[in-house]
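> Handing you this structure, nothing more for now.
The values are calculated or read from the model by the stated rules, or taken from the named source; none is laboratory data. All values reported here derive from a predicted model rather than from experimental measurement. We place every Cβ from the backbone using ideal geometry, glycine too, and count neighbours over all the protein chains shown. Keep in mind that these areas ignore ligands, DNA and RNA; they rest on the heavy atoms of the full protein, side chains included. Shrake-Rupley method; radii C 1.70, N 1.55, O 1.52, S 1.80 Å.
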Amino acid sequence: MSTINIAIDGPAGAGKSTIAKMVSAEMGYIYVDTGALYRTIAIYLKENNIADEDIEKSLENADVSLKFIDGTQRVYLGDRDVTGLIRTPEISMAASRTSAIPAVRRHLFDLQQKIARENNIIMDGRDIGTVVLPDADVKIYLTATPEERANRRYKELSEKPDCPSYDDVLNDIIQRDYQDMNRTAAPLKQADDAVLVDSTNLTLEQAVERITEIIRERI
Ligand code: DC
């Protein structure tokens, strides 16, 4: 029996994970956040002080895996659950840099494909529709203007201590977009057969509705 694979790609802060979580819960699919894998490699390289020239070799010891507990993804580095450690602005930027390294992408490729082969999934990332799952049943490219994405991120962060300024949040988003779209290895871009959804002027509910509709039309 083949599984159903739905790919959602797009830049940071467009709402991919929030929306994919909601839609997958409703459909009974597993939501796979592939950014967590790159973030975990970034933590591994940082904790072990790996120099750039040693990265490729050191990946042999980077044992990254995912577990799904009650439908929620947890990410492991070896036996250690690092899910709570990977969501900092510093790791966001480090993951973006790390993800440009072809050896890192190769290291994570099989894991992503295996999960997709074995489960009905909604997988979000940057290259899911273009590289990881080129035959996905549905491909969506979800975007929004950098300013709107920065607004949303800033609102989330403003509830926490040490909140950066709006300008810092916007600059991080612009820099991450640039890095993710302009790298040579699997850059972020819309797959030819992906449906474009621009969430700039949509509420969360409207974006969920639109994406659910696109999926239902196709499967
Ligand atoms: O989705 P995220 O913000 O957690 O991703 C963190 C970084 O990882 C992002 O800046 C680019 C990289 N990434 C990638 O290159 N390919 C993916 N499929 C997912 C994330």
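> Show me, bin by bin at 10 Å from 0, the whole-percent P(r) of region 105-171 based on Cα pairs.
Going out from 0 Å in 10 Å bins, region 105-171 shows 17, 33, 23, 26, 1 percent.
> Using the heavy atoms of the protein chains and a 1.4 angstrom probe, tell me the accessible area per residue for the chain in square angstrom. Each step should come with its number before you reach the end.
Values: 11310 Å² over 219 residues.
Result: 52 Å² per residue.
> For Arg117, what charge total do you get from the other residues with a beta carbon under 15 Å from its beta carbon, if Lys and Arg give +1 and Asp and Glu give -1?
Numbers: positive: Lys114; negative: Asp110, Glu118, Asp135, Asp137.
Taking every other residue near Arg117 into account, the sum is -3.
> On to the next question. Given Cβ point charges of +1 (Lys, Arg) and -1 (Asp, Glu) and nothing else, what value in debye, to the nearest 20, does the dipole of region 130-170 about its Cα centre take?
60
> Now for a different question. Would you mind putting 77-83, 133-139, 111-117 in packing order, based on average other-beta-carbon counts within 10 Å, highest first?
Numbers: 77-83: 14.0, 133-139: 18.6, 111-117: 16.7.
Listed from highest to lowest mean packing, they are 133-139, 111-117, 77-83.
> Sort 39-48, 13-22, 64-73, 183-192 by the packing proxy (mean of other Cβ within 10 Å over each peptide's residues), most packed first. Please report the intermediate quantities before stating the final value.
Values: 39-48: 20.3, 13-22: 21.9, 64-73: 13.3, 183-192: 15.4.
Ranking, from highest mean packing down: 13-22, 39-48, 183-192, 64-73.
> Quote to one decimal, in nm, the extra length available between Asp70 and Asp135 on full extension: 0.36 nm per residue of separation minus the C-alpha distance between them. Walk me through the intermediate numbers first.
On the way: separation 65, 0.36 × 65 = 23.40 nm, distance 2.74 nm.
This chain segment gains 20.7 nm when fully extended.
> Would you calculate the separation in nanometres between label points at Asn182 and Arg117, each defined as 7 Å from the Cα along the Cα-to-beta-carbon direction?
So the label points at Asn182 and Arg117 sit 3.7 nm apart.
> Please work out how much length the chain gains when fully extended from Asp167 to Asn48, using 0.36 nm per residue of separation minus the C-alpha to C-alpha distance, in nm with one decimal. Mind dumping the intermediate values first?
On the way: separation 119, 0.36 × 119 = 42.84 nm, distance 3.18 nm.
Separation in residues times 0.36 nm, less the Cα-Cα distance, equals 39.7 nm.
> Right, here's the next one. Leaving ligands, DNA and RNA out of it, rank Glu148, Glu205 by accessible area with a 1.4 Å probe, largest first.
Numbers: Glu148 50, Glu205 120 Å².
Sorted descending by solvent-accessible area, the residues read Glu205, Glu148.
> Further, regarding this structure: Could you tell me the extents of the chain's C-alpha atoms along the three principal axes, largest first, rounded to whole Å?
48, 47, 34
> Note down the magnitude of the dipole of the chain about its Cα centre, charges +1 on Lys and Arg C-beta and -1 on Asp and Glu C-beta and zero elsewhere, to the nearest 20 debye.
On the way: 27 positive and 37 negative charges, 36 e Å.
Roughly 180 debye, rounded to the nearest 20.
> Decide, for region 46-162, between rounded, prolate and oblate: order the square roots of the alpha carbon gyration tensor eigenvalues as a ≥ b ≥ c, take rounded if a/c falls under 1.5, and otherwise choose prolate if a/b is larger than b/c, else oblate. Don't skip to the answer; put the middle values down first.
On the way: a/c = 1.43, a/b = 1.07, b/c = 1.33.
It comes out rounded by the Cα gyration axes.
> What is region 23-110 by shape, rounded, prolate or oblate, if you read a ≥ b ≥ c off the alpha carbon gyration tensor as root eigenvalues and call it rounded for a/c under 1.5, prolate for a/b larger than b/c, and oblate otherwise? Provide the component values of the computation, followed by the final result.
Numbers: a/c = 1.95, a/b = 1.89, b/c = 1.03.
Prolate is the answer for region 23-110, as a/c is 1.5 or above and a/b outweighs b/c.
> Among bridges DSSP assigns within the chain, what percent are antiparallel (round to 5)? Write out the running numbers ahead of the final one.
Details: 8 of 25 bridges.
So the antiparallel bridges in the chain amount to around 30 percent.
> Within the set of other residues whose C-beta is less than 13 Å from the C-beta of Ile91, count the net charge using Lys and Arg as +1 and Asp and Glu as -1.
Values: positive: Arg39, Lys46, Arg87, Arg97, Arg176; negative: Glu47, Glu90, Asp172.
That works out to +2.
> Okay, next question. Expressed as a rounded percentage, what relative contact order does the chain have, with Cα pairs under 8 Å and six or more residues apart?
Values: 334 pairs, mean separation 71.9, N = 219.
33 percent.
> Can you list the lysines whose alpha carbon is less than 24 Å from that of Lys57, not counting same-chain residues fewer than 8 positions off?
Qualifying lysines at Cα under 24 Å: Lys46, Lys114.
> Residue separation times 0.36 nm, minus the C-alpha to C-alpha distance between Ala25 and Glu209: what's the value? Spell out each step's value before the answer.
Numbers: separation 184, 0.36 × 184 = 66.24 nm, distance 1.36 nm.
Gain on extension, Ala25 to Glu209, equals 64.9 nm.
> Give the Cα extents of region 119-219 along the principal axes, in whole Å, largest first.
Principal-axis extents of the Cα atoms in region 119-219, largest first: 43, 35, 25 Å.
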